[in-house]
Amino acid sequence: MLEVILLGTLAALAANVPFVSARLFCLLPLASKHFGWRLLEWSVYYAAIGALAWLLESRLATPHSQNWQFFVTTLAMFAVLSWPGFVWRYFWRKPGL
C-alpha cells in the first residue's frame with residue numbers, strides 16, 4: 001500500500017514540475033519555456049511514471065496487459081493531477097514573475 005501512496009505522490013509532483021520550473025527537465029535553462037516545451041516535458045514525465053509503475057508491478061507479479069482504455073484513463077488522471085501547476089502558471093501568476 002505504501003508503494004501506491006508514494007507512486008501517487010510522485011505522479012502528482014511530476015505532473016506539476018513542467019509548469020513550476022522554468023528549466024527543461026529541471027536541468028537545462030531556457031530563455032523562454034513555451035507551452036510546447038512544457039507539453040513535451042509533461043508527456044515524458046507521464047511515460048516515466050508509467051514505466052516506474054510497470055516496474056513496481058513486475059516486481060510483485062506478472063504485469064497485466066493493458067488496452068487503450070487504461071492509457072486514456074491514466075492520461076486523464078495525470079492531466080487532472082497537473083491542474084494546480086497549470087492554473088498557477090497561466091491563470092494566477094502575474095506576468096514577469
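The values are calculated or read from the model by the stated rules, or taken from the named source; none is laboratory data. None of the values given here were measured: they were computed from a predicted structure. Neighbour counts are summed over all protein chains in view; Cβ atoms, including those assigned to glycine, are modelled from backbone coordinates with ideal geometry. These area figures cover heavy atoms from the full protein model, side chains too; ligands, DNA and RNA do not enter into them. Shrake-Rupley method; radii C 1.70, N 1.55, O 1.52, S 1.80 Å.
One table, with the values for the structure above:
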item	result
Residue selected from region 1-23 under the condition small (G, A, S) and farther than 30 Å from S58 by Cα, by the criterion least open to solvent (accessible area, probe 1.4 Å)	S21
Cβ-Cβ under 6 Å pairs, at least 6 apart or on other chains, region 41-60 side under 13 Å from G8 (Cα atoms), far side of a type in the set (F, W, Y) and in a helix (DSSP H, G or I)	Y46/F78
Among residues of region 48-96, those that are of a type in the set (K, R) and surrounded by 11 or more Cβ atoms within 10 Å (Cβ to Cβ), counted	2
Subset of region 24-37 [surrounded by 14 or more Cβ atoms within 10 Å (Cβ to Cβ) and farther than 14 Å from R89 by Cβ]	L24
